[in-house]
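Note sheet for the following structure.
The values are calculated or read from the model by the stated rules, or taken from the named source; none is laboratory data. Predicted model only: the values in this text are computed from it and were never measured. Cβ placement follows ideal geometry from the backbone for every residue including glycine, while neighbour counts extend to all protein chains displayed.
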Amino acid sequence: MDSIVVTGNGPLKGQIPIAGAKNACLTLMPATLLSEEPLTLTNAPRLSDIKTMSALLASFGAEVSSLQDGKVLAMSSHNIDNHVADYEIVRKMRASNLVLGPLLARLGHAIVSLPGGCAIGARPMDLHIEALEALGAEIELKEGYLHAKAPKGLKGAVHELRFASVGATENTIMAATLAKGTTVLKNAAREPEIVDLVECLRKMGAQIEGEGTSTVTIEGVDRLHGATHPVVTDRIELGTYMLAPAIAGGEVELLGGRMDLLGAFCEKLDAAGIDVRETENGLMVARRGDAIKAVDVVTEVYPGFPTDLQAQMMALMCTAEGTSVLEERIFENRFMHAPELIRMGAQIDVHGGVAKVTGVKRLKGAPVMATDLRASVSLILAGLAAEGETVVSRVYHVDRGYEHVVAKFAGVGAQIERVKE
């Protein structure tokens, strides 16, 4: 098992290219199941989760080819001969549940294992089930698998989600593209990844309006055709690397970065004393002064502060002037990085879904353990601001969401290496 070793060595300078969005790509890939014609995705990230989704699609009989060093995914689902999403694949990644809607819409039946992924709280499927049942699906849970069927076909309906779930919104939109009649999905999630999915589906012939708002209307069509679509920029990778010069000092340009993807996050950086400005090629990020100011953060559904940047923001607040309060409202059990940061000298007090962080002058390098994807990179960021050596173990988590993470940090001057344990 590998570890990543980070030694704090001062300011960073240079450029970091930002990849296509993991969460967008993992949503776009199941869309291939909706059509017999090829779907090609460009700007794809090169991550272990993408390989897992490729394996899942292949298990249904889909053809998935990785081209141009993994940046292009060519998929074809003309010969689907299996409708069971096996636990051994699904358990590795929660996004696997996004095959449920497409399989149900295309085949009229599906058996999908309950999903896995990072251990950051419950990931219930009830919102997905309620929405698909509103479209006429019959779903029951048997021995850890969802057995879904639509004996009379899916039919358009008006449905309001109890919570603006990203996954439930995506599953419902994909299923509704081939349903009979009009579907109106209320309290829909508004994330950029959903807008990206709709843009792709529209290229495939879907009739959808309202993406990016809380009400999405889908007019079902008889069939979808093939398309080529570029994956949107990964806003979570972008936000993560924006924090590198904030924590370590210096000035870094994020190639492909867009402020419109991270409005609430950029507002918090500005309040903390971090300058973010647009360039011809992306975003330039640098501190305004020597000290970081403490700011409070509440994670919320988009366009609020992203839960997937909470751990990284906590790392920044560990060396800020003053005390900050971080409240996690999306996932329970998402402060597992706090004890590891405390090992590095951070002052953090966690009570339920609230963490109070009192900044210290300097963190100290220590052996720490990654507990999930975002926690792993938060510890790397903390290592940039620490005195001495930080050894982050269980970094297989980071491979799920960040391509070439060591090379990207090293490219702007960080002292970082990956070692075999």
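Quick check: anything in segment 374-388 surrounded by fewer than 19 Cβ atoms within 10 Å (Cβ to Cβ) and either more than 20 Å from the chain's Cα centre (by Cα) or not aliphatic (A, V, I, L, M) (or both)? Yes. From the list E209, E199, E193, the one residue that fits, being modelled with pLDDT of 95 or more, farther than 30 Å from A311 by Cβ and out of contact with any Phe, Trp or Tyr (no Cβ under 8 Å at 6 or more places or on another chain), is E209.
Going through L34, L100 one at a time, which residue ends up being modelled with pLDDT of 95 or more and either touching a His at 6+ places or on another chain (Cβ under 9 Å) or within 30 Å of N281 (Cβ to Cβ) (or both)?
Details: L34 fails: either touching a His at 6+ places or on another chain (Cβ under 9 Å) or within 30 Å of N281 (Cβ to Cβ) (or both).
After ruling out the rest, the residue left standing is L100.
Of all positions in segment 397-405, at least one carries a residue that is touching a helix residue (DSSP H, G or I) at 6+ places or on another chain (Cβ under 9 Å), at pLDDT 95 or above, aliphatic (A, V, I, L, M) and not assigned by TED's automatic domain parsing to the domain that holds K92. Can E280 be described as surrounded by fewer than 19 Cβ atoms within 10 Å (Cβ to Cβ), assigned to a loop (DSSP other than H, G, I, E, B) and free of Cβ contacts under 8 Å to residues at least 24 places away in the same chain? Considered against the rule, which asks whether it is surrounded by fewer than 19 Cβ atoms within 10 Å (Cβ to Cβ), assigned to a loop (DSSP other than H, G, I, E, B) and free of Cβ contacts under 8 Å to residues at least 24 places away in the same chain, E280 comes out as yes. A residue that is touching a His at 6+ places or on another chain (Cβ under 6 Å) and not small (G, A, S) can be found somewhere in segment 373-383. Only residues that are touching a His at 6+ places or on another chain (Cβ under 9 Å) and of a type in the set (V, I, T) were counted across segment 123-157, and they come to 1. Counting only helices (runs of 4 or more DSSP H) that sit completely within segment 20-110, those holding 1 or more residues that are more than 23 Å from the chain's Cα centre (by Cα) and surrounded by fewer than 24 Cβ atoms within 10 Å (Cβ to Cβ) correspond to 48-59, 100-107.
Could you check, for segment 281-304, whether at least one of its residues is in contact with an Asp or Glu (Cβ under 8 Å, 6 or more places away or on another chain) and at positive phi? Yes.
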